[in-house]
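To start, the structure under review is shown below, and the notes come after it.
The values are calculated or read from the model by the stated rules, or taken from the named source; none is laboratory data. Bear in mind the structure is a predicted one, so any value in this text is a computation, not a measurement. Cβ sites come from the backbone with ideal geometry, for glycine too, and all protein chains shown count toward neighbours.
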Amino acid sequence: MTEKEEILVIKDLHVRVDDKEILKGVSLTVRRGEIHALMGRNGSGKSTLSYTLMGHPRYKVTAGQIWYKGSDLTALAADERSRSGIYLAFQYPVAIPGVSVSNFLRAAVKSRRGTDVPVKEFRKELRNRMSSLNIKDDFLSRYINDGFSGGEKKRLEILQMELLAPDLAVLDETDSGLDIDALKTVASGINSMTGPDVAILLITHYQRLLNYITPDYVHVMQDGQIVMSGGSELAHQLEARGYDWVAPAPVV
Amino acid sequence: MAAEVTKPFDLRAVGDDYKYGFHDKEDYSFKSGKGLTAEIVNKLSAMKNEPEWMLKFRLRALDIFLKKPMPTWGNTELLNDIDFQNIHYFVRATDRQERDWNEVPEGIKRTFDRLGIPEAERKFLAGVTAQYESEVVYHSIREDLEKQGVIFLDMDTALKEHEDIIREHFGTIIPPADNKFAALNSAVWSGGSFVWVPAGVRVEIPLQAYFRINTENMGQFERTLIIAEPGSYVHYIEGCTAPVYSSDSLHSAVVELIAKPGAHIRYTTIQNWSKNVYNLVTKRAVAHEDARVEWVDGNLGSKLTMKYPSIFLVGPRAHGEVLSIAFAGSSQHQDAGAKMVHVAPDTTSIIVSKSISKDGGRASYRGLIKVYPQATGVKSSVRCDALLLDEKSRSDTYPTMEIDESKVTIEHEATVSKVGEEQLFYLMSRGLTQAEAITMIVNGFLEPFTKELPLEYAVELNRLIALEMEGSVG
């Protein structure tokens with residue numbers, strides 16, 4: 001078996017947010033076709049890693065490197081990262097009043113594909129994907145995340161991911177706040193994304209999403225570092241034993 | 001799904017070739033000298049062959065204008081910069097009226113072409129008066145309007161053909177003594193529209209007029225009067241753009257609306273004057289019993305805009321709404337707002353005002369809610385939202401309440417916000433550039449206004465906003 005391209009290589013990454021160091025030396029390599037699960041307690045730095053990968057301006061890389069498709073990622077702004085195939089499904093997507101979902105999706109797709117998609121074709125694609133995610137038609141004329149339920153927000157994140165067809169998808173706590181039906185829908189959306197060229201980084205606090213999606217690797221984060229890595233069985237061990245098994249909770 | 005992907009995001013696509021800085025070679029049959037005198041007013045009225053009473057009205061207004069001091073509020077610094085001696089008070093683009101588009105002079109057509117007007121014309125084909133310079137050059141009236149008995153004319157023609165109706169209503173809502181600029185307009189008005197809708201008639205297609213200034217140092221003083229007889233409905237739309245000139249230009253319109261019992265008037269404006277124009281407009285409506293008046297007012301461009309559409313709710317259960325946006329860019333001051341005067345019981349009003357300031361621009365909301373004694377059961381709500389795009393821009397709110405009756409419900413809410421970092425990051429994480437993301441957020445902020453516009457205007461407004469956003473970041 002030939003080794004797939006290392007799409008993401010993180011080396012000894014240190015990140016500060018507002019003068020507080022959150023990531024303290026993270027290293028991680030992800031190849032195309034792989035699914036990695038990143039687990040850990042709240043506050044361990046998982047979301048910080050996801051924001052850093054997407055290029056949030058408030059998250060400053062103070063040391064270490066991020067290589068994406070062989071180039072230094074840190075030089076790119078968030079929009080350039082998106083257009084080059086990185087996607088972040090947000091844990092808490094923001095509302096943007098007055099901007100309809102359909103206008104937004106069309107603009108996003110145009111940015112990613114570099115060309116305008118004919119309206120008719122786009123609507124057809126949209127309808128198909130929406131129905132498999134159990135999203136109603138009236139969704140399109142609503143404003144982005146404005147008054148959305150938790151489940152609706154997460155479905156919109158998945159819908160965007162499918163439309164933008166990323167090479168590297170980072171999903172930040174996509175399972176949180178979902179009931180079991182929504183969880184299954186979202187999980188099947190994620191599964192439909194997988195393939196030999198797509199890399200997925202699943203960030204999750206709980207193991208339950210991993211009942212539906214089988215990761216190739218599981219990593220455990222603690223106090224800004226990855227402290228343990230293993231195969232999918234690691235998630236089950238964590239479920240059975242708790243995070244204390246990996247490391248004691250930091251003293252607050 | 002009617003409101004679906006409505007020309008969703010060609011905002012940026014339009015940008016590059018949209019330049020309003022062009023202008024045609026001047027070719028005018030008459031141009032008054034600079035400065036304002038009784039002689040000019042006499043000459044102007046004589047050229048128009050006006051009845052004696054109109055000349056007297058003008059001369060009396062001139063007298064008031066010359067005596068009245070400048071307003072001592074608003075942006076007095078800019079106001080006092082106006083040099084009334086350095087303005088042409090009357091310019092006539094062509095000597096005759098044009099009824100057929102084919103007869104409109106080429107140079108004028110070209111200007112309209114570049115503004116995209118023919119498209120709107122084709123789509124709506126309601127009666128259109130297109131004002132080029134101080135006078136109407138193109139005026140077509142659709143047959144079914146005529147069949148309905150609706151009168152839609154430029155004001156000069158209307159004065160000839162319907163003198164009685166004009167004489168009865170002209171200047172009754174905004175008398176010349178109302179303010180200095182209303183007096184100025186009353187003295188030298190030229191062009192504008194006259195609309196009269198018979199009782200019970202609904203005009204289903206919006207009536208549109210296009211205005212455009214084109215002579216350096218030229219004043220433009222349209223006079224519009226709309227009368228909706230009992231139970232009728234009309235929507236009137238005006239939209240403006242102006243080319244860029246080096247020295248200041250004054251625009252001072254007067255618009256009077258009369259909504260008789262049970263009538264409904266909507267008046268939509270989008271103004272995009274070039275950034276050297278003073279736009280000092282008096283707009284006022286009277287709403288009688290069960291009538292409804294809505295001002296939908298968009299102010300972009302200009303150096304200084306002072307405009308406060310007002311509604312006098314004089315009959316029981318009359319309803320008034322002002323929905324306005326103001327966009328203030330570099331060295332611009334938009335001083336806009338609304339006035340609601342509740343004279344009769346059970347009258348209701350809504351004011352929604354949205355402003356955007358960037359590059360040091362200043363947007364002010366200036367509003368008045370007045371409730372007279374015995375006007376019980378009045379309900380009024382005011383909402384002002386300001387969006388600041390950078391640190392050096394400014395937003396002010398000057399709300400005034402004069403409530404002389406206790407059995408009323410008045411709500412006032414004001415917010416000031418900035419484009420959120422998280423919203424920006426979210427959109428950029430989907431591939432939108434920073435400028436595209438800001439444009440999208442701003443257009444979203446304006447959506448409550450935009451959605452009230454006919455589609456063509458909504459698209460045009462979004463384009464204008466996108467243009468304004470260009471180069472605003474980086």
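Things worth noting here:
- Residue tally, condition within 18 Å of the chain's Cα centre (by Cα) and facing another protein chain (nearest Cβ under 7 Å), over region A:92-104: 2
- Options B:Gly431, B:Gly444; residue that is part of a loop (DSSP other than H, G, I, E, B) and at the interface with another protein chain (Cβ under 10 Å from one of its Cβ atoms): B:Gly431
- If you check B:Ser406, B:Ser380 for being farther than 22 Å from B:Glu468 by Cα, in contact (Cβ under 8 Å) with a residue 40 or more places away in the chain and among the polar types (S, T, N, Q), only one passes: B:Ser380.
- Among the conditions (1) facing chain A (nearest Cβ under 7 Å); (2) in contact with a Phe, Trp or Tyr (Cβ under 7 Å, 6 or more places away or on another chain), the only one that B:Asp404 does not satisfy is (1).
- B:Thr397 meets each of the listed conditions (1) outside any loop (DSSP other than H, G, I, E, B); (2) out of contact with any helix residue (DSSP H, G or I) (no Cβ under 8 Å at 6 or more places or on another chain); (3) closer than 23 Å to A:Arg142 by Cβ apart from (3).
- Restricting attention to region A:173-226, the residues being more than 15 Å from A:Glu34 (Cβ to Cβ), out of contact with any strand residue (DSSP E or B) (no Cβ under 8 Å at 6 or more places or on another chain) and assigned to a helix (DSSP H, G or I) number 13.
- Checked against the criterion of being of a type outside the set (Ser, Thr, Tyr), out of contact with any Cys (no Cβ under 8 Å at 6 or more places or on another chain), within 12 Å of chain B (Cβ to nearest Cβ) and closer than 30 Å to A:Gln225 by Cβ, the candidates A:Ala107, A:Ala89 yield just one match: A:Ala89.
- Within the set B:Ala414, B:Ala458, B:Ala437, the sole residue that is under 14 Å from A:Val99 (Cα atoms), more than 7 Å from chain A (Cβ to nearest Cβ) and in contact with a Ser or Thr (Cβ under 6 Å, 6 or more places away or on another chain) turns out to be B:Ala458.
- Top-ranked residue in region B:143-172 [being under 20 Å from the mean Cα position of the chain (by Cα) and part of a helix (DSSP H, G or I); ranked as nearest to B:Ala285 (Cα to Cα)]: B:Met155
- Residue list for region B:236-262, filter: in a loop (DSSP other than H, G, I, E, B) and either modelled with pLDDT of 95 or more or among the basic types (Lys, Arg) (or both): B:Lys260, B:Pro261, B:Gly262
- Top-ranked residue in region B:291-337 [being touching a residue at least 40 places away in the same chain (Cβ under 8 Å) and of a type in the set (Val, Ile, Thr); ranked as farthest from B:Arg463 (Cα to Cα)]: B:Val296
- Members of region B:383-393 that are assigned to a strand (DSSP E or B) and without any contact (Cβ under 8 Å) to a residue 40 or more places away in the chain: B:Arg383, B:Cys384, B:Ala386, B:Leu388
- The set of residues in region A:130-178 that are under 22 Å from A:Lys46 (Cβ atoms) and acidic (Asp, Glu) comprises A:Glu157, A:Asp167, A:Asp172, A:Glu173, A:Asp175.
- Any chance B:Ile265 is part of a strand (DSSP E or B) and in contact (Cβ under 8 Å) with a residue 40 or more places away in the chain: no
- In the set A:Leu38, A:Leu53, only one residue is surrounded by 20 or more Cβ atoms within 10 Å (Cβ to Cβ), away from chain B (no Cβ under 14 Å) and either among the small types (Gly, Ala, Ser) or touching a helix residue (DSSP H, G or I) at 6+ places or on another chain (Cβ under 8 Å) (or both); that residue is A:Leu38.
- Residue match in region A:129-143 (condition: in a helix (DSSP H, G or I), under 18 Å from the mean Cα position of the chain (by Cα), under 26 Å from A:Asp175 (Cβ atoms) and facing chain B (nearest Cβ under 9 Å)): no
- Qualifying residues in region A:59-86 (those that are part of a helix (DSSP H, G or I) and facing chain B (nearest Cβ under 10 Å)) - the one surrounded by the fewest Cβ atoms within 10 Å (Cβ to Cβ): A:Glu80
- Per-region count, region B:173-202, residues assigned to a helix (DSSP H, G or I) and hydrophobic (A, V, I, L, M, F, W, C): 7
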